[in-house]
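Here's the structure we're looking at; comments come further down.
Throughout, read-outs are computed from the coordinates displayed, never taken from laboratory work. Quick caveat, the model's predicted, so the values are computed rather than measured. Positions of Cβ are generated from backbone atoms using ideal geometry, with glycine treated the same way; all protein chains shown enter the neighbour counts.
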Amino acid sequence: MKVLHVIGSVGVGGAEKHVLDLCLQQQALGLAVHVALPAVGALSATLVQHHIAYTIVRAGSRWHPWALWSLRCAIKDAQPDIIHAHMLKSATMVGRVNRHIPCVATAHNIVKHTSPFVHCQHVICVSEMVRDSLCQLGYPPEKCSVIHNAVETHAFSTAKRDAVRHQMGWQDALIVSCVARLVPAKGQVYAIQALPELVQVIPNLKLVLIGDGGDRHKLEQLADTLNVSQHIEMLGARADVTDLLAATDIYLQPSIKEGFCIAFLEAMATGLACIGTQTGAIPSMVANDSGILIPPADVPAIVDTVLRLTQDLALRKLYAQAAKTTANTVFSPERQAEETVAVYQSLV
């Protein structure tokens, strides 16, 4: 079976990592995979490293005639048995240029309208919350299912912990980290608002924010206003996230809205005690006491859970072990690959 994955972005965020992981998994199962994307960048460079073929299609809006023509040519050249479109824009564009090859789309975030999926034979949702949002809009339940994302769990461990902590100057600090773009939906503002109370009890606490985005200046100003700047490190977008997670003591995901939240799963795979909010797939990830679930935008809950995990080392280790076990089993790449291929096979 030959699969053409279509994605409209070129970075290394959650959706892009999902495409890369699927390609690697499907190659291992003997499928031929090809990726269509709008420009060279971090994603295409990673595809080359893994010997995954890709085609550059013309960038443009979902209505741009030359972009649509370029995508039609890419589909014709690739001659796939099935097309897998990622994100709304790609699903819309594939639907406009293709009527003959079965198309599967993955909905990575809360769905607000069904029009992108009109010409899809099946929609894979990355969490129950995403599927519920789609079905509530009237989309046929039999044409959508939940397949949780996965990560290559062998790539995550705490083996480099001491070396990375020494390199970063964190030997004597309690590191609470968060990996996410610096945008309102990710909720870093609430983590910073929790710091004044936390550092009174844990003076060596350091909040490490990994990721970049439009809220950086606003968050820096908030830290200055609250007089906690010395307790925060904003590292920007990093290529060494696995190492930084290895050096972490407690992982915090204070998001207001998520589709899935691959960063949270990576923290679990590392073997960290994780705190996450009730959004996206996070409730499913911690369903078996694999982490602590708190409401979004709840500063007192952040304070309480961080203090609890700091003061009870045995409890922190218990959550860390449970998190790693869950990541390795319930959210394994093998399971994701098998369930996705089963959807393909039902359509061809």
Quiz prompt | region 199-220-region 28-77 distance, computed between alpha-carbon centres (Å) | solution = 37 Å
Quiz item: Between rounded, prolate and oblate, where does region 153-329 land on the alpha carbon gyration tensor, with a ≥ b ≥ c its root eigenvalues, rounded for a/c under 1.5, else prolate if a/b exceeds b/c?
Solution: rounded
Quiz prompt | Ranked packing of 264-270, 147-153, most packed first, by mean Cβ within 10 Å | solution = 264-270, 147-153
Practice problem: Kindly put Lys76, Lys257, Lys317 in sequence by how many other C-beta atoms sit within 10 Å of each C-beta, fewest to most. | Solution: Lys76, Lys317, Lys257
Quiz prompt | Cα centre as origin, Lys/Arg/Asp/Glu Cβ charges: the chain dipole, Debye | solution = 1040 debye
Quiz item: How much length is gained on full extension from Glu338 to Arg96, taking 0.36 nm per residue of separation minus their Cα-Cα distance?
Solution: 84.2 nm
Self-check item: In nm, spacing of pseudo-spin labels at Gln136 and Asp312 (7 Å Cα→C-beta vector)
Solution: 3.3 nm
Quiz prompt | Antiparallel bridges, percent of DSSP beta bridges restricted to region 153-329 (to nearest 5) | solution = 5 percent
Quiz item: In deg cm²/dmol and to the nearest 500, what is the mean residue ellipticity at 222 nm of the chain if only DSSP H runs of at least 4 residues count, each as -39500 (n - 2.57), divided by the residue total?
Solution: -13000 deg cm²/dmol
Quiz prompt | Residue among Asp172, Asp21, Asp304 with the largest mean-square fluctuation in a Gaussian network model of the chain, springs linking Cα atoms under 10 Å | solution = Asp172
Exercise. Counting other beta carbons within 10 Å of each Cβ, put Thr225, Thr242, Thr106 in order, fewest first.
Key: Thr225, Thr242, Thr106
Self-check item: Charge dipole magnitude, Cβ of K and R +1, D and E -1 - region 289-348, Cα centre, debye nearest 20
Solution: 220 debye
Practice problem: Keeping to pairs on different chains or 8 or more places apart, tell me how many lysine pairs in the chain have Cα atoms under 21 Å apart. | Solution: 22
Quiz prompt | Pairwise label distance in nanometres, Asp81 with Thr46, each label 7 Å out on the Cα-Cβ vector | solution = 2.6 nm
Exercise. Specify whether the C-alpha gyration tensor of region 33-170 places it in the rounded, prolate or oblate class, a ≥ b ≥ c being the square roots of the eigenvalues: rounded for a/c under 1.5, otherwise prolate if a/b is larger than b/c and oblate if not.
Key: oblate
Self-check item: Shape call, the chain: gyration tensor on alpha carbons, a/c limit 1.5
Solution: prolate
Exercise. Rounded to whole Hz and in sequence order, give me ³J(HN,Hα) for region 26-42 from the Karplus expression 6.51 cos²θ - 1.76 cosθ + 1.60, θ = phi - 60°, writing x for Gly and Pro.
Key: 6, 4, 5, 8, x, 7, 8, 10, 9, 10, 10, 8, x, 6, 6, x, 4
Self-check item: For Val6, distant residues with modelled amide H under 5 Å away
Solution: Ala36, His84, Ala85, His86
